[in-house]
Amino acid sequence: MITLHSLGFPRIGKRRELKFAVEQYWRGDMPEEHLESIGRQLRREQWESQSELDMVTVGDFSFYDHVLDTSFLFGHYPELQSQQRLKGLEHYFALARGLDNENTGNQPITPLPMTKWFNTNYHYSVSTISEDTEFKLNAKSLLAQCEEAEMAGYRPKPTILGPLTYLWLCDASSDSLKLEALQKLVPKYSELLTAFSSNAIEWVQIEEPILTLDLPPEWKQAFQQTYSTIRAKSSPKLMLTTYFGDIGEHADWVLKLPVDGIHLDAKANESYLITISEQLEPHQVLSLGVVDGRNIWKTNYEQTLDTVTPLYKRLGERLWLAPSTSLLHLPVDLSLELHLPRQIKEWVCFAKQRIQELTDIKQLLQDDTPSTSKQLLLKTNKQAVESRSKSLLVHKPFVKVMMMNINENMYHRSDEFETRSKLQQQTLALPPLPTTTIGSFPQTNALRKLRQDFKEHRISHEYHQQAIQTTIEENIELQERIGLDVLVHGEPERSDMVEFFAEKLDGFATTEHAWVQSYGTRCVRPPILYGDTSRPSPMTVELATYAQSLSEKPVKGMLTGPVTMLTWSFVRDDQPRSVTCQQLALAIRDEVIDLESAGISVIQIDEPALKEGFPLKLAAQPNYIQWAIDNFKLATSGVKSTTQIHSHMCYSHFSELIPHLQKLDIDVLTIENARAGSRFLNEITESNYTKALGPGIFDIHTPTTPSEISISNNVKALLTSMPPTQIWVNPDCGLKTRTWQQTEESLKNMVNATQSVRNELETRKQGV
């Protein structure tokens with residue numbers, strides 16, 4: 001009998017119930033006990049959605065972030081001052097989000113840094129390893145969740161992040177510090193496994209996704225030592241779990257680790273599967289990720305059977321089936337999408353439907369399934385797969401013609417940066433240390449209701465447009481009053497930086513309830529990029545020109561770049577991603593040129609997902625870097641030298657990007673830096689980056705308001721690394737998640753602090 005399981009399930013709830021409950025708790029409108037109760041209910045619903053599986057995963061639920069949960073599981077987090085006696089979720093959320101002085105009665109609590117979870121749009125909280133790092137097991141909550149599952153009638157399989165992956169994801173001054181900390185951490189894992197045994201847990205999923213990376217020799221050696229130590233006789237069975245790629249060169253030694261099973265992405269490891277199955281010990285299980293945990297296209301059952309049938313014949317009940325990764329990266333339930341076009345709906349699966357696919361594949365493999373049932377399953381699946389491959393919605397000849405007309409000149413600006421920057425300064429006449437924001441302003445409930453009413457045809461286009469224009473007027477007036485140098489219209493018409501454009505481009509479909517967690521309570525609805533992409537008409541020109549008409553100062557045109565449009569969508573898998581990205585670049589290029597023609601002299605094309613798109617294996621990265629840079633340049637190089645091109649990037653480890661930033665040929669790059677310390681600035685300075693740079697001067701992902709003094713100190717710190725002619729002053733990211741009070745106070749402090757530094761620079765200059 002084949003065992004079915006999952007690596008994890010979306011935790012936000014079908015209608016984002018977790019988001020709304022947590023935010024209510026943050027506002028002080030819900031006691032912790034009530035929030036914990038909602039957590040139990042959501043876990044129960046997760047398990048019910050997976051009731052056809054042979055066991056349910058426990059430990060995949062989180063109130064904010066599963067990596068932060070691991071830090072709390074092993075007592076690894078910054079100590080708070082004695083006066084700040086926070087307990088339970090209050091302590092947990094303080095480290096996740098930060099706390100203002102007024103809430104602590106002491107110094108503000110700085111949130112842990114965030115960065116991307118491998119090459120996904122999920123963000124995790126980064127803990128730090130130092131020489132003094134200690135660990136202390138606190139498994140009470142995880143063990144209680146296992147008991148919850150048992151009481152509800154399910155067979156629990158707890159999941160934990162493996163010790164080597166956890167330490168790899170932490171920050172430290174050197175790898176050696178992380179490996180030294182491993183000696184302290186491993187005994188705590190042994191304690192945890194002993195606790196699982198005492199609670200009659202049969203299987204534990206231990207996740208080591210770094211096995212799909214290029215690992216240094218010392219880390220490979222640490223795996224053998226670590227698993228030999230934690231694999232005590234009394235421990236439960238261990239399912240070593242990998243995802244996001246193939247184990248490739250590591251296969252030989254990974255298969256020798258003392259574990260009871262290994263989970264692999266079937267598609268990524270397809271060429272190794274027969275060999276791996278032959279090398280398994282007689283007691284070991286092979287779990288195959290046969291349905292996609294990161295993308296939504298229906299599984300091709302015939303192709304899957306071709307891969308899996310030989311393995312089933314060899315392994316029998318030692319073959320388990322699962323999604324390739326946790327289903328965290330998928331929306332919860334396709335049945336909620338009542339307005340998704342019927343044909344597109346037939347092509348896709350969300351998390352709940354992936355569970356059904358697993359049961360289908362199990363039936364197709366097993367001999368006791370009636371042949372008529374198998375035939376019906378295969379026929380229905382084949383019809384859906386072929387319908388998509390032949391659809392005129394997907395394949396559009398005129399888009400192919402446009403791509404054939406691309407030439408080399410379209411990838412380059414007409415002048416080098418040094419010439420452009422002088423021309424732009426003559427045109428824009430900006431002061432030293434120009435101030436700006438990244439783009440979005442607070443998204444109020446009134447704005448959300450306005451957009452929803454328009455989408456559902458409860459208000460007219462004229463009423464909606466007038467309300468949006470009124471909001472833009474207020475945004476421009478606020479920025480003029482504060483004294484910003486380059487303004488934005490605030491994006492009141494946009495729900496999301498990708499979804500907004502997807503609604504206006506051919507080849508995309510958008511959804512109503514297909515939410516996916518990005519970080520904490522921040523959820524996004526990735527659009528479905530199902531076919532050849534083009535721009536039927538201008539997307540932002542009307543409101544951009546209206547905003548510019550309200551001010552003598554430059555107002556930025558705001559666009560999302562082709563790589564981010566690609567990466568933050570559920571992308572078609574029937575052609576190379578580079579080709580799809582090129583189609584997007586052409587569409588955005590048209591918009592950039594139209595904005596310039598309409599009198600917009602500063603245009604920002606954001607690429608926060610550029611680093612996220614990096615392949616995990618080093619050998620695959622040069623090809624990606626080349627086409628990603630080329631497509632960004634294709635989108636941005638059609639304008640005159642006097643037009644200033646900005647871009648923004650955020651929440652990634654940028655070290656790998658630094659050698660390539662110069663090649664993007666961006667006039668002004670704004671980047672997340674407030675939680676990153678001086679490391680990025682040191683690295684980019686050493687790289688001799690010559691373009692203008694706006695390292696985020698304050699963190700917008702926390703409710704704390706930066707003081708003038710702290711901002712002034714941050715600007716002065718920048719001046720020790722770069723000349724004032726190279727520096728822009730801006731927040732870390734868009735301000736849509738902040739309140740208006742936080743936004744106005746923060747921007748006032750930023751402008752005042754910048755003016756103070758300008759005055760000091762001028763005084764120093766006159767004194768020379």
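The values are calculated or read from the model by the stated rules, or taken from the named source; none is laboratory data. Bear in mind the structure is a predicted one, so any value in this text is a computation, not a measurement. Here the Cβ positions follow ideal geometry from the backbone for every residue, glycine too, while neighbour counts run over all protein chains shown. These area figures cover heavy atoms from the full protein model, side chains too; ligands, DNA and RNA do not enter into them. Shrake-Rupley method; radii C 1.70, N 1.55, O 1.52, S 1.80 Å.
Once a ≥ b ≥ c are taken as the square roots of the eigenvalues of the Cα gyration tensor of the range 507-553, is the result rounded (a/c under 1.5), prolate (a/b larger than b/c) or oblate (a/b not larger than b/c)? Note, shape of the range 507-553 comes out oblate.
Would you please classify the overall shape of the range 540-588 from the alpha carbon gyration tensor, given that a ≥ b ≥ c denote the square roots of the eigenvalues, rounded means a/c under 1.5, and beyond that prolate means a/b larger than b/c while oblate covers the rest? Display every interim value, and only then the final one.
On the way: a/c = 4.00, a/b = 3.65, b/c = 1.10.
Since a/c reaches 1.5 and a/b is larger than b/c, the shape of the range 540-588 is classed as prolate.
Taking the protein heavy atoms of the chain in the context of the full set of protein chains, the accessible area attributed to carbon and sulfur is 50 percent at 1.4 Å.
Contact order for the range 426-512, expressed relative to its length and based on alpha carbon pairs under 8 Å spaced 6+ residues apart, stands at 39 percent. Decide, for the range 528-642, between rounded, prolate and oblate: order the square roots of the alpha carbon gyration tensor eigenvalues as a ≥ b ≥ c, take rounded if a/c falls under 1.5, and otherwise choose prolate if a/b is larger than b/c, else oblate. Prolate is the answer for the range 528-642, as a/c is 1.5 or above and a/b outweighs b/c. Paramagnetic label reach from R448 (point 7 Å along Cα→Cβ; backbone nitrogen cut-off under 17 Å): within the range 4-42, residues 12-30. Within the same chain, lysines fewer than 8 places from K256 are excluded, and of the rest, those with a Cα less than 29 Å from its Cα are K157, K178, K184, K188, K220, K233, K237, K267, K313, K362, K617.
Taking the centroid of alpha carbons for each part, the range 596-668 and the range 302-346 are 34 Å apart. Rounded to the nearest Hz, the phi-derived 3J(HN,Hα) couplings of the range 458-464 under the Karplus curve 6.51 cos²θ - 1.76 cosθ + 1.60 (θ = phi - 60°) are 8, 10, 7, 4, 4, 5, 4, where x marks glycine and proline.
What percent does the relative contact order of the chain come to when contacts are Cα pairs within less than 8 Å and at least six residues apart? Don't skip to the answer; put the middle values down first.
Details: 1359 pairs, mean separation 97.6, N = 768.
Normalised by residue count, the contact order of the chain is 13 percent.
Judged by the mean number of other Cβ atoms found within 10 Å, the most tightly packed of the peptides 294-307, 575-588 leads the ranking 575-588, 294-307. In the range 622-768, Cα pairs under 8 Å separated by at least six residues give a relative contact order of 21 percent. In this structure the range 455-501 gives 42 Å² per residue of accessible area when probed at 1.4 Å with all protein chains present.
Amide H to amide H distances under 5 Å link V291 with A322, S324, where only residues 5 or more positions off or on other chains count and H is placed in the peptide plane.
Which peptide among 28-41, 253-266 comes first, and what is the full order, when sorted by highest mean count of other Cβ atoms within 10 Å? Display every interim value, and only then the final one.
On the way: 28-41: 13.6, 253-266: 20.1.
Sorting 28-41, 253-266 by mean packing, highest first, produces 253-266, 28-41.
Since only L566, S518, S537 are under comparison, the one whose Cα sits farthest along the positive direction of the charge dipole of the range 502-599, derived from C-beta charges on Lys, Arg, Asp and Glu, is S518. Extending 7 Å from the Cα toward the beta-carbon at both S130 and D29 defines two label points whose distance is 3.9 nm. Listed by chain and number, the lysines whose alpha-carbon sits under 28 Å from that of K765, ignoring those within fewer than 8 places in the same chain, are K422, K553, K691, K716, K748.
For a Förster distance of 22 Å, can you work out the FRET efficiency between the beta-carbons of S174 and I658, rounded to the nearest 0.05? Can you show the working numbers first?
Working: r = 19 Å, r/R0 = 0.87.
Computed FRET efficiency for S174 and I658: 0.70.
For the range 308-358, the Cβ-based charge dipole about the Cα centre amounts to some 220 debye (Lys, Arg positive; Asp, Glu negative; other atoms uncharged). Scalar couplings 3J(HN,Hα) for the range 403-408, obtained by applying the Karplus form with A = 6.51, B = -1.76, C = 1.60 to θ = phi - 60°, are 5, 5, 8, 5, 10, 4 Hz; x denotes Gly and Pro. Placing unit charges on the Cβ atoms only, positive for Lys and Arg and negative for Asp and Glu, gives the range 518-566 a dipole magnitude near 200 debye about its Cα centre. When peptides 624-635, 551-562 are ranked by their average number of other Cβ atoms within 10 Å per residue, the highest-first order is 551-562, 624-635.
Within the full protein context, the accessible area of R522 is estimated at about 70 Å² for a probe radius of 1.4 Å. The distance linking the range 377-411 with the range 676-748 is 43 Å (Cα centroid to Cα centroid, whole angstrom).
How large is the dipole of the range 311-394 about the Cα centre if only Lys and Arg carry +1 and Asp and Glu carry -1, each at its Cβ, rounded to the nearest 20 debye? Mind dumping the intermediate values first?
Numbers: 13 positive and 9 negative charges, 49 e Å.
For this selection, approximately 240 debye.
Rolling a 1.4 Å probe over the heavy atoms of the protein chains gives the range 612-768 an accessible area of 39 Å² per residue.
Can you give the helix-only mean residue ellipticity at 222 nm for the chain, where every DSSP H stretch with n ≥ 4 adds -39500 (n - 2.57) and the sum goes over all residues, rounded to the nearest 500 deg cm²/dmol? Dividing the helical sum by the residues of the chain leaves -13500 deg cm²/dmol. With Cα atoms as the point set, the radius of gyration and Dmax of the range 399-524 evaluate to 19.5, 51 Å.
Across the range 410-422, computed HN-Hα scalar couplings (Karplus, 6.51 cos²θ - 1.76 cosθ + 1.60, θ = phi - 60°) run 6, 9, 9, 5, 6, 10, 6, 4, 4, 6, 4, 5, 5 Hz from first to last residue, x flagging Gly and Pro.
Calculated translational diffusion coefficient of the chain (37 °C, 0.692 mPa s; Stokes-Einstein with Kirkwood radius over alpha-carbon pairs) equals 119 µm²/s.
As a test, work out the antiparallel percent of DSSP beta bridges whose residues both lie in the range 476-626, rounded to the nearest 5. Each step should come with its number before you reach the end.
Working: 6 of 13 bridges.
Looking only at bridges with both residues in the range 476-626, the antiparallel portion is about 45 percent.
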